[in-house]
1. Answer yes if at least one residue in region 193-201 is surrounded by 12 or more Cβ atoms within 10 Å (Cβ to Cβ) and outside any helix (DSSP H, G or I), and no otherwise.
2. Being in a loop (DSSP other than H, G, I, E, B), surrounded by fewer than 20 Cβ atoms within 10 Å (Cβ to Cβ) and under 16 Å from the mean Cα position of the chain (by Cα) is the filter here; which residues of region 13-56 pass it?
3. Identify, by number, the condition in (1) surrounded by 21 or more Cβ atoms within 10 Å (Cβ to Cβ); (2) over 21 Å from F3 (Cα atoms); (3) out of contact with any strand residue (DSSP E or B) (no Cβ under 6 Å at 6 or more places or on another chain) that Y75 doesn't meet.
4. I need the full set of residues from region 98-122 which are in contact with a Ser or Thr (Cβ under 9 Å, 6 or more places away or on another chain) and farther than 18 Å from I7 by Cβ, in order please.
5. Of the residues that make up region 57-64, is at least one over 22 Å from A144 (Cβ atoms), in contact (Cβ under 8 Å) with a residue 40 or more places away in the chain and surrounded by 23 or more Cβ atoms within 10 Å (Cβ to Cβ)?
6. Taking region 130-153 only, how many residues are in a strand (DSSP E or B) and either over 22 Å from V182 (Cα atoms) or at pLDDT below 95 (or both)?
7. How many residues does region 174-192 hold that are outside any helix (DSSP H, G or I) and either among the aromatic types (F, W, Y) or farther than 20 Å from A10 by Cα (or both)?
Amino acid sequence: MGFGAVILAAGLSSRMAPVNKLLMSLGDRPVIRHVVQTALDFGLDPATVVVGADRGALRAALEGLPVRIVGNDDYEEGLASSIRAGVAAIVADVDAAVFLLGDMPLIAPRHLGPLLAAFAPAEGRSICIPTYRTKRGNPVLWGAQYFPRLLELRGDQGARVLFRELAEQISEVEMPDDAVLVDIDTQAALDAVLTRFAQAEATQDVH
């Protein structure tokens, strides 16, 4: 069974403007490179990165990595446009895909492994959502049978608008920590992630 990755990295980063949060340094590399490297290290193939704003700088930040970079000209529409661009690029290649947010660099193999292990379409588990203490987070694993539905998404709500309708196919996968809830949208959030990353690096629990 083939599992791909779609890394969503096309946003405006408006809450941290004029700086693009995905290009900020975290340890020895930009935030976005951490996320992409995690997907690659885990063996998700193909790994597709959707870029929009600052696409030139993002391409440079990912130089040398074996990824497919897809431009989203409609990125100002919101998250749905990036999901559509990513799905269109991988639709023929995989049985399922993990959709990762480019501003969640604390995601590690310990989070991806349980998601893939839970995936069992024949048993009614074709959408796998990570949780921590019952709260749903990201990344989310979607079976390929739902790609046509993802291509119909519009606006800035992402794919969660489909969760209620497809509830019977959802498997909630409890995670060992809250990294699946932690994204970077403010300087304070980045500072907190920097601290946690340094702690994790000290225990060698990062990629």
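The values are calculated or read from the model by the stated rules, or taken from the named source; none is laboratory data. Because the structure is a prediction, the values reported are computed rather than measured. Reconstructed Cβ throughout: ideal geometry from the backbone, glycine too, with neighbour counts over all protein chains shown.
1. Taking region 193-201 as the starting set, the residues that turn out to be surrounded by 12 or more Cβ atoms within 10 Å (Cβ to Cβ) are 193-194, 196-198, 200-201.
Filter again for outside any helix (DSSP H, G or I), leaving none.
No, region 193-201 contains no residue that is surrounded by 12 or more Cβ atoms within 10 Å (Cβ to Cβ) and outside any helix (DSSP H, G or I).
2. At the first step, the residues of region 13-56 found to be in a loop (DSSP other than H, G, I, E, B) are 13, 17-20, 24, 27-28, 42-46, 53.
Now narrow it down to the ones that are surrounded by fewer than 20 Cβ atoms within 10 Å (Cβ to Cβ): 17-19, 24, 27-28, 43, 45-46, 53.
Passing the criteria: G43, D45, P46.
3. Exception for Y75: condition (3).
4. A118, F119, A120 - these are the residues of region 98-122 that are in contact with a Ser or Thr (Cβ under 9 Å, 6 or more places away or on another chain) and farther than 18 Å from I7 by Cβ.
5. Pass one, region 57-64, residues over 22 Å from A144 (Cβ atoms): 57-64.
Subset that is in contact (Cβ under 8 Å) with a residue 40 or more places away in the chain: 58.
Okay, now just the ones that are also surrounded by 23 or more Cβ atoms within 10 Å (Cβ to Cβ), so 58.
Yes, the conditions are met somewhere in region 57-64.
6. Taking region 130-153 first, the residues in a strand (DSSP E or B) are 130-132, 135-136, 140-143.
Checking which are either over 22 Å from V182 (Cα atoms) or at pLDDT below 95 (or both) leaves us with 143.
Residues meeting the conditions: 1.
7. Initially, region 174-192 is screened for residues outside any helix (DSSP H, G or I), giving 174-177, 182-186.
Next, from what is left, pick out any that are either among the aromatic types (F, W, Y) or farther than 20 Å from A10 by Cα (or both): 174-177.
Total meeting the criteria: 4.
Yes or no, residue by residue, for (1) part of a loop (DSSP other than H, G, I, E, B); (2) surrounded by fewer than 21 Cβ atoms within 10 Å (Cβ to Cβ); (3) small (G, A, S); (4) at positive phi:
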residue	(1), (2), (3), (4)
D93	yes, yes, no, no
F99	no, no, no, no
C128	no, no, no, no
G155	yes, yes, yes, yes
E172	no, yes, no, no
